[in-house]
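Please read the structure below before turning to the comments.
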Amino acid sequence: MRNFGTYPITVNYNLHTRLRYQHNEDDLHRAGRYVEEKQLDIKVNTSSDATIENNLWNQELTEYEQAVCNMLRKVEGNPVGRMVLGLINKQTTVWIIPKSDAELKADFSAQTWPLNYDIQPGSVARGVGSGDTVILFDPKLGDDTLFHELVHAYRYSHKKFNPICIDIINRYGNLDCGSSEEFLAHQMENIYMSQANRPLTTDYYPPDNGTATKDEIYDFLLQHVDRMEALKYFLRHEYLAMLAAHTFTNTAYNPFRDYGTLEAKLLQGFSISTLPELGAPPVQH
Ligand SMILES: [Zn+2]
């Protein structure tokens, strides 16, 4: 395992250790022994494959940890990336661990969850909690995905990860709940991409997750009032959003900086002068 610079990030190749203990974790879960399941999971995610089979996996371990550190250096080379890296709570550790090729084939994405997750009885969900985090990541997913996951890790590290429902259309075509945390990570990711003059995407959720220009995305935000309310929510409660608004003044895409203009445009011709923030109770008259 290796630490990345002075950041609270440890890259840990533990693939074989993790896959070996997978069925033990599953057995403990089925038996309802959730505390032991979590203790084993914490041990697995903080143990290195260097300690097994006389370091037989040394070559792939070195390749993985070097590739992830190179990618973290790329994130650090982008001012938006550097800001997020620097703001992760230094009292915590972000553990970046590998995903197997089979897992990537089944689901080509990364995941972030708290190392010491809150147990949800009867559920395999591990997304609730705070402090140290685990990012399941493969370099093939790219630095934009790694940056996105680091935004989640930042929120968990400060005990702020708190998903609020935003409207999405699920795969059956019905209205469903998306997560404000994904909205934040996606907006930060777009600012990160814009800073590097790379392609932007409209929304985190399909079917609106395709490539788009800044103006097209701003139009999308204006057509989705809850996304606008989410911008306002984060501007009021999330230092990262506020700092991005004031720091990246020359970045083309920055809806936190441009929020005031967008809100004025949305409310043109209406009698209300301001939008509520996401999750706020309706105004009583
Ligand atoms: Zn995400």
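The values are calculated or read from the model by the stated rules, or taken from the named source; none is laboratory data. For clarity, every value in this text was computed on a predicted model and none was experimentally measured. Cβ: placed from backbone, ideal geometry, glycine included. Neighbour counts: every protein chain shown.
For segment 149-199: of the residues being among the small types (Gly, Ala, Ser) and more than 13 Å from the ligand (Cβ to nearest atom), which is surrounded by the most Cβ atoms within 10 Å (Cβ to Cβ)? Working first, answer last.
Pass one, segment 149-199, residues among the small types (Gly, Ala, Ser): 153, 157, 173, 178-180, 185, 194, 196.
Narrowing the set further to residues that are more than 13 Å from the ligand (Cβ to nearest atom) leaves 157, 173, 194, 196.
On the way: SER157: 24, GLY173: 8, SER194: 19, ALA196: 15.
Checked segment 149-199; the qualifying residue surrounded by the most Cβ atoms within 10 Å (Cβ to Cβ) is SER157.
Residues considered: LEU141, LEU146, LEU115, LEU175. Of these, the only one that is modelled with pLDDT under 95 and either touching a Pro at 6+ places or on another chain (Cβ under 8 Å) or at negative phi (or both) is LEU175.
With VAL80, VAL75 as the choices, which residue is closer than 30 Å to ALA185 by Cα, touching a Gly at 6+ places or on another chain (Cβ under 6 Å), of a type in the set (A, V, I, L, M, F, W, C) and assigned to a helix (DSSP H, G or I)?
VAL75
Residues are listed down the side, and each one gets a yes or a no for (1) surrounded by fewer than 19 Cβ atoms within 10 Å (Cβ to Cβ); (2) closer than 18 Å to LEU141 by Cα:
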| site | (1), (2) |
| --- | --- |
| THR17 | no, no |
| ASP27 | yes, no |
| THR51 | yes, no |
| GLU65 | no, yes |
| VAL68 | no, yes |
| ARG73 | yes, yes |
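Quick check on my filter: what residues within segment 173-220 are of a type in the set (Lys, Arg) and touching a residue at least 40 places away in the same chain (Cβ under 8 Å)? Answer for segment 173-220, where residues must be of a type in the set (Lys, Arg) and touching a residue at least 40 places away in the same chain (Cβ under 8 Å): just ARG198.
In segment 101-123, the residues that are outside any loop (DSSP other than H, G, I, E, B) form Cβ pairs under 7 Å with partners that are small (Gly, Ala, Ser), at six or more places apart or across chains, as follows: THR112/ALA153; TRP113/GLY127; PRO114/GLY129; PRO114/SER130; PRO114/GLY131.
Output the residues belonging to segment 113-127 that are within 23 Å of GLU65 (Cβ to Cβ) and within 11 Å of the ligand (Cβ to nearest atom). The one that is within 23 Å of GLU65 (Cβ to Cβ) and within 11 Å of the ligand (Cβ to nearest atom): TRP113. Residue count for segment 10-40 under the criterion of being in contact with a helix residue (DSSP H, G or I) (Cβ under 7 Å, 6 or more places away or on another chain) and of a type in the set (Val, Ile, Thr): the result is 2.
Of everything in segment 81-111 that is under 22 Å from TYR239 (Cα atoms), away from the ligand (no atom under 16 Å from the Cβ) and of a type in the set (A, V, I, L, M), the residue that is surrounded by the fewest Cβ atoms within 10 Å (Cβ to Cβ) is LEU87.
SER130 fulfils the conditions (1) within 16 Å of the ligand (Cβ to nearest atom); (2) touching a Ser or Thr at 6+ places or on another chain (Cβ under 8 Å) except for a single criterion, (1). Within segment 200-213, if we keep just the residues that are away from the ligand (no atom under 16 Å from the Cβ) and surrounded by fewer than 16 Cβ atoms within 10 Å (Cβ to Cβ), the residue that is farthest from the chain's Cα centre (by Cα) turns out to be THR213. Please tell me if GLU60 is away from the ligand (no atom under 16 Å from the Cβ), charged (D, E, K, R) and more than 27 Å from TYR154 (Cβ to Cβ). For GLU60, the condition - away from the ligand (no atom under 16 Å from the Cβ), charged (D, E, K, R) and more than 27 Å from TYR154 (Cβ to Cβ) - is met.
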